[in-house]
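The values are calculated or read from the model by the stated rules, or taken from the named source; none is laboratory data. The structure displayed is predicted, hence computed values, not measured ones. No Cβ is skipped: glycine too gets one built from the backbone with ideal geometry, and neighbour counts run over all protein chains shown.
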Amino acid sequence: MRLLLGVTGGIAAYKAADLTSLAIKAGFEVRVIMTDSARAFVGPLTFEALSGNPVFSQVLETGGDSEGASAIRHISWARWPDVVCLAPLTQSTLARLAVGLADDALLTVVHAVRPEVPILLAPAMNTQMWDHPTTQRNLRWLQETGRYQIVEPVSKRLACGEVGVGGLADPQEILSQIQRALPG
Ligand SMILES: Cc1cc2nc3c(=O)[nH]c(=O)nc-3n(C[C@H](O)[C@H](O)[C@H](O)COP(=O)(O)O)c2cc1C
């Protein structure tokens with residue numbers, strides 16, 4: 001089974017390394033796409049070492065990948081997975097997803113994924129960002145499309161010091177939901 005993991009620029013980005021490792025142990029092949037912000041939190045080398053695959057970040061970068069130098073990389077990556085998970089998903093990428101922007105590698109690939117491939121969203125953010133009306137509206141809208149499954153954030157003491165909803169779900173729980181989302 002092929003898992004495409006999208007990592008965005010939140011403090012919980014390091015937990016995506018755990019998720020990668022857990023998924024590999026569970027028998028998944030994993031490829032990782034990172035936003036530019038995510039790369040400020042965790043180095044791509046971590047994900048390359050854990051997954052054994054190159055990390056994709058720049059849609060307009062020249063040069064090939066395993067599909068060859070001539071491949072349109074965002075399309076070849078979009079055709080690859082059996083399941084997609086964005087974890088952690090920032091408030092900003094969630095908002096851009098909700099309006100259908102494809103202005104980075106992650107969102108370009110996500111919009112090109114085949115419709116039968118499940119896409120899970122595991123948001124993580126400060127409680128005020130989570131409670132913000134636009135965030136809640138964006139989540140409702142994404143759920144209503146029927147295209148996305150939400151892995152709910154947890155309530156805990158957050159990195160910003162506040163106690164409330166917005167913590168990334170436990171990586172093991174995210175993996176369980178990924179496994180349940182797989183067809184057949
Ligand atoms: C230390 C630090 C921690 C952050 N943590 C989060 C977070 O957990 N969730 C979030 O939505 N944004 C967080 N941000 C803000 C994002 O990094 C910022 O909105 C960024 O533009 C997101 O880019 P991306 O969605 O393209 O990855 C944090 C910023 C900093 C400096």
Total residues in the stretch 80-109, condition under 16 Å from ASP36 (Cα atoms) and either more than 10 Å from the ligand (Cβ to nearest atom) or among the acidic types (Asp, Glu) (or both): 8
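Given the criteria over 10 Å from the mean Cα position of the chain (by Cα), of a type in the set (Gly, Ala, Ser) and more than 9 Å from the ligand (Cβ to nearest atom), does ALA112 qualify?
Working: over 10 Å from the mean Cα position of the chain (by Cα): yes; of a type in the set (Gly, Ala, Ser): yes; more than 9 Å from the ligand (Cβ to nearest atom): yes.
The answer is yes for ALA112.
Could you say which residue among ALA159, ALA181, ALA169 is within 15 Å of the ligand (Cβ to nearest atom), touching a residue at least 40 places away in the same chain (Cβ under 8 Å), of a type in the set (A, V, I, L, M, F, W, C) and closer than 18 Å to THR20 by Cα? If you could, list the steps in order and put the result at the bottom.
Numbers: ALA159 fails: closer than 18 Å to THR20 by Cα; ALA181 fails: within 15 Å of the ligand (Cβ to nearest atom).
Only one candidate qualifies: ALA169.
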I'd like to check something: does the stretch 89-96 contain any residue that is over 23 Å from ARG114 (Cβ atoms) and aliphatic (A, V, I, L, M)? yes
Residue hits (the stretch 34-52; assigned to a loop (DSSP other than H, G, I, E, B) and either touching a Phe, Trp or Tyr at 6+ places or on another chain (Cβ under 8 Å) or surrounded by 18 or more Cβ atoms within 10 Å (Cβ to Cβ) (or both)) are THR35, VAL42
Of the listed residues (ASN138, ASN53), the one being over 14 Å from the mean Cα position of the chain (by Cα) and within 14 Å of LEU4 (Cβ to Cβ) is ASN53
Which one is surrounded by the fewest Cβ atoms within 10 Å (Cβ to Cβ) among residues in the stretch 1-33 that are of a type in the set (Gly, Ala, Ser) and more than 16 Å from the ligand (Cβ to nearest atom)? GLY27
HIS74: passes all of (1) surrounded by 13 or more Cβ atoms within 10 Å (Cβ to Cβ); (2) modelled with pLDDT of 95 or more but (2)
Can you name the condition, by its number, that PRO123 falls short on among (1) out of contact with any Pro (no Cβ under 8 Å at 6 or more places or on another chain); (2) under 27 Å from LEU3 (Cα atoms)? (1)
Quick check on this structure: which one of ALA98, ALA112 is over 11 Å from GLY6 (Cβ atoms) and touching a residue at least 40 places away in the same chain (Cβ under 8 Å)? ALA98
